[in-house]
Amino acid sequence: MSFIVAAISNGGDAPEQAYRKMEDAGSSGRRSAEMFKLEVPSLMVGTLDSLMNLSDDLGKTDNIVEQIVRKIEKTGLDLAASSGKKLELTIGGVPSTRYVQQFAWDYAKYPNRRPLKELVSLIGGGVAAMDEELKQLGNSYADKMAALNDAQRRKGGNMMVADLNDVLTEDVMRNVTIHDTEYLKTVFVAIPNQAKEAFEENVEFLGADLVGFGGPDWSRSPQQLGTAVKYGSLVDRHRKRGSPIVPGSAQMVKEDDDSCLYAVTILKSQYEAGYYEGDEFIAGTTIDFEAKFEQECRDKRFVLRPFSYDPSAANSSAMRMEQLQVETDSMRSGLMRWCKTHFGEAYVAWMHIKVIRVFVESVLRYGLPVDFTAVLYKVDYGRDIELTSALDKALGSSTEIANTEKEADEEEYHDFVYMKFDM
C-alpha cells in the first residue's frame with residue numbers, strides 16, 4: 001500500500017474548496033483513491049534562505065529516518081519468525097496505516113514554535129540514538145547467538161569439533177594413559193577417518209624436524225664425559241632431528257562415522273644452552289614443542305584438541321549450553337520488545353519529518369502568508385501511477401512546462417506539492 005501526499009494553494013479561498021478539488025481529482029473512474037485530510041500545524045517560517053537550505057536537508061533526513069524505521073521493523077519481524085512467534089508492530093497500539101490516516105501533530109513532544117532547523121535536529125537526533133542502540137543490542141544478540149551455535153556445533157559435531165568433555169566419559173578415559181610431567185605431555189589429535197591408516201603408520205614421524213637430538217656420544221668415549229668441548233655452544237643439538245612424539249605412545253581413544261581421536265605423548269620442550277659472547281653470557285632458552293606440533297598437525301589437516309580431563313566438566317558443559325540458551329531466548333525477547341516499542345516512536349518521528357517537508361515545500365512554492373491545504377491519498381501498489389497522472393491533469397496548470405522541466409532535470413515535476421511513500 002502507498003500513500004501520496006498532495007498540497008495546493010487555497011488562493012485566498014476557503015480551504016474547503018481546495019479540499020473538494022483534490023477529492024474530485026482522486027475519485028474519478030478506475031483511479032478512485034481514498035482521501036484523508038492532512039493536518040499541518042502552523043510552524044515557524046524563518047527566512048527564505050533558511051527554508052531553501054532546510055528543504056535540501058529534509059530530503060536526506062527523511063530517507064535516513066525511513067531506513068531506520070525499516071531496520072527496526074525488519075529486525076523485529078525476523079526475530080519473531082526465528083522464535084515462531086507473531087509480532088504486531090503498531091504506533092501506540094494503532095496499526096501504521098490507521099496512524100497515517102489519522103495523523104495528528106504531537107505538540108508536547110515536538111513544539112511547533114521551535115525554529116524548524118532545531119525541530120528537525122531534535123527529531124533526527126532522537127531517531128539516530130535509536131539506531132545506535134539497536135546496533136549495540138543487535139551486536140550483543142549476534143555474539144550470544146554465535147556462542148550458542150558454536151556450543152551446539154561442538155556438542156553435535158564429530159571428533160574434530162565436538163566438546164571433548166561431552167565425548168570422553170569416565171569409561172573411555174579409564175583406558176587412556178595420560179602423562180603430564182615436566183618433560184612429557186599427552187595431547188589429543190583428531191583426524192578424518194580416511195586418514196586413519198596413514199596416521200597410524202607414520203605417527204612417529206609427525207613433526208620429524210622439530211626436535212634436536214644431536215650432541216656428544218659419550219657412550220663411545222666415556223673418558224671425555226663432561227669435558228669443556230662437549231657442552232654449550234660447542235655442541236650442535238640440531239645435527240640430528242626427530243619427532244617430539246614418544247615412540248609407541250599413540251592410543252586410539254574414540255571414533256565415530258567421520259573422524260577418530262588419538263592420544264599421543266610428546267616432549268614438552270627443549271632447553272637450548274646459554275653461551276658466552278666475549279665476556280657477555282647469553283642466557284639459554286626453552287623451545288616449546290606443543291605450539292610447533294600443533295602447526296604440523298594443522299598442515300596435515302589434523303586437529304590438535306586441547307583437553308584436560310575433568311569428570312565434572314561434562315555436567316558443566318551441559319549446564320553452560322542450557323544457560324546460553326536461556327540467555328539467548330531472553331535477549332531475543334528483550335530485543336523484540338525493544339523493536340515493538342521503538343518502531344512506534346521512530347514511525348511517529350518519520351511522519352513528523354514528512355509533515356515538516358510538506359510545510360516547507362508549500363511555503364517555498366506558494367509563498368507567504370501560509371495558505372495551503374494538504375491531503376493524503378491511500379492507493380494500492382501499482383495504482384499510484386494512475387492516480388499521479390489524474391492529479392497532474394486535475395491540479396496542474398502547465399503541462400508543457402512540466403514536460404520541459406522533467407526532460408531538463410530528469411526528475412519528476414508536478415505543479416503542486418507531491419510526496420509519495422510506501423507502508
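Data overview
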quantity: For LYS185, distant residues with modelled amide H under 5 Å away; calculated: ILE266, LYS268
quantity: 3J(HN,Hα) from dihedral phi, the range 115-132, Karplus parametrisation 6.51/-1.76/1.60, rounded to Hz, x for glycine, proline; calculated: x, 4, 4, 5, 5, 5, 5, 4, 5, x, x, x, 6, 4, 5, 4, 4, 5
quantity: 3J(HN,Hα) from dihedral phi, the range 284-291, Karplus parametrisation 6.51/-1.76/1.60, rounded to Hz, x for glycine, proline; calculated: x, 10, 10, 9, 7, 8, 4, 5
quantity: Cα shape, the range 1-120, gyration tensor, a/c 1.5 rule; calculated: oblate
quantity: Rounded FRET efficiency, nearest 0.05, which uses the C-beta distance separating ARG365 from THR90 and R0 of 45 Å; calculated: 0.85
quantity: Within-13-Å neighbourhood charge of PHE421 [Cβ basis; K, R +1; D, E -1]; calculated: +1
quantity: Under 5 Å, built H, 5+ apart or other chain: amide partners of ILE91; calculated: SER96
quantity: Inter-label distance for GLU132 and ARG98, nm, one decimal - labels placed 7 Å from Cα along Cα-to-Cβ; calculated: 3.5
quantity: Theoretical gain in end-to-end length, LYS155 to TYR275 [0.36 nm per residue, Cα-Cα removed]; calculated: 38.2 nm
quantity: Charge tally in the Cβ shell below 11 Å around ASP78, where Lys, Arg are +1 and Asp, Glu are -1, ASP78 excluded; calculated: +2
quantity: Cα centroid separation - the range 275-309 against the range 161-193, whole Å; calculated: 21
quantity: Structure-based [θ]222 nm, the chain - -39500 (n - 2.57) summed over DSSP H runs of at least 4, per residue, nearest 500; calculated: -16000 deg cm²/dmol
quantity: Cα gyration tensor shape for the range 1-68, rounded if a/c is under 1.5, else prolate or oblate; calculated: oblate
quantity: Förster radius 60 Å - calculated FRET efficiency between GLU23 and ARG298, Cβ distance, rounded to 0.05; calculated: 0.20
quantity: Estimated distance in nm for a label pair at ALA147 and THR47, the labels positioned 7 Å out from Cα along Cα-to-Cβ; calculated: 5.6
quantity: Label-point separation, ALA283 to ILE64 (7 Å along Cα→Cβ), nm; calculated: 5.6
quantity: Charge tally in the Cβ shell below 15 Å around ASN202, where Lys, Arg are +1 and Asp, Glu are -1, ASN202 excluded; calculated: -4
quantity: Ranked by how many other beta carbons lie within 10 Å on average, peptides 345-354, 270-279, 295-304 from highest; calculated: 345-354, 295-304, 270-279
quantity: Cα centroid of the range 54-71 to Cα centroid of the range 138-154, whole Å; calculated: 33
quantity: Of every Cα-Cα pair in the range 169-308, the percent that sits beyond 24 Å; calculated: 42
quantity: Partners for LYS196 among lysines (Cα-Cα distance below 20 Å; same-chain residues under 8 apart left out); calculated: LYS254, LYS300
quantity: Highest-first arrangement of 132-141, 331-340, where packing means the average Cβ count within 10 Å; calculated: 331-340, 132-141
quantity: Highest to lowest packing among 13-25, 166-178, scored as the average C-beta count within 10 Å; calculated: 13-25, 166-178
quantity: Karplus-derived 3J(HN,Hα), 6.51/-1.76/1.60, for each residue of the range 51-61, Hz, glycine and proline x; calculated: 5, 5, 5, 5, 4, 5, 5, 5, x, 5, 4
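All of the numbers you see were taken from the coordinates with simple rules; none came from a lab. The structure displayed is predicted, hence computed values, not measured ones. All Cβ positions, glycine included, derive from the backbone under ideal geometry; neighbour counts span all protein chains shown.
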